[in-house]
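Nothing in this text is a laboratory measurement; each read-out follows from the coordinates by a stated rule. Computed from a prediction, not measured in an experiment: that's the story for all the values here. Using ideal geometry, Cβ is built from the backbone for each residue, glycine included, and neighbour counts are taken over all protein chains shown.
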């Protein structure tokens, strides 16, 4: 019952920006958008999260539409090491004792030389 | 250590045997999570600990699965009478106390379980 929809795969040329879309049309007002990635044979790695405003950190930028029904993760200068499965997840910050994340299948990003 | 550690990294067992998987969370993290990831699939939530209590066990697939946590540190996931469908990577994550907003989970490298 993942609340997000992502394309199953994408390609990107090394050095170019990678723009990974995510649809979350049923998102609630108190739900955050999280992005994680999973490099082959490793545990998932947190990238970034946001609520309403666009966010940027040392890894990526997160652009959230005004209606919050979709978002885009931007890797500004993709490298071969960015090849991974990228997961977009929505959940509330505080939900009583429910703190689990519901994971979909993500987008498999291949960065090509 | 600086991150979440899990042991063993790989476990091969025979059908019907019991296995124990261990997770050491980041020091000071009060929340701990277990997930299962089957080949080519996303993560499947199993159980969550806040301290040593487990408010959410909803993801445990059967009564063969159990988990415990000692204080706010080590957790053990036990699978009894393993079946071939239990073969997967078992991932552990931890996050800071309930006051962090929102809680960001940090993952270990996982334990790859193969049931023959």
query: Antiparallel DSSP bridges in chain A: what percent, to the nearest 5?
result: 85 percent
- prompt: Of A:70, A:41, A:61, which has the largest mean-square fluctuation in a 10 Å C-alpha GNM of chain A?
  reply: A:41
Relative exposure of A:86, A:46, judged by other C-beta atoms within 10 Å (fewest first): A:46, A:86
- request: State the dimensionless ratio Rg/Rh of chain B (Rg: radius of gyration of Cα atoms; Rh: Kirkwood radius).
  value: 0.96
message: Could you list B:4, B:12 so that the one with the fewest beta carbons within 10 Å of its beta carbon is first and the one with the most is last?
response: B:12, B:4
- line: Counting only DSSP beta bridges fully inside chain B, the antiparallel percentage to nearest 5 is 90 percent
field: Alpha-carbon centroid distance for the pair region B:45-71 / region A:14-76, whole angstrom
entry: 29 Å
task: Please express the Cα-Cα pair-distance distribution P(r) of the protein assembly as shown as a list of whole percents, one per 5 Å bin, running from 0 to the bin with the greatest distance.
output: 1, 7, 14, 18, 18, 17, 12, 8, 4, 1, 0
statement: Of B:71, B:40, B:16, the most mobile residue in a GNM of chain B (C-alpha springs, cutoff 10 Å) is B:40
field: Ranking of B:70, A:5, A:83 by count of other Cβ atoms within 10 Å, fewest first
entry: B:70, A:5, A:83
message: For the protein assembly as shown, give me the percentage of DSSP beta bridges that are antiparallel, rounded to the nearest 5 percent.
response: 85 percent
- line: Computed Rg/Rh for region A:14-113 (Cα atoms; Rh = Kirkwood radius) stands at 0.97
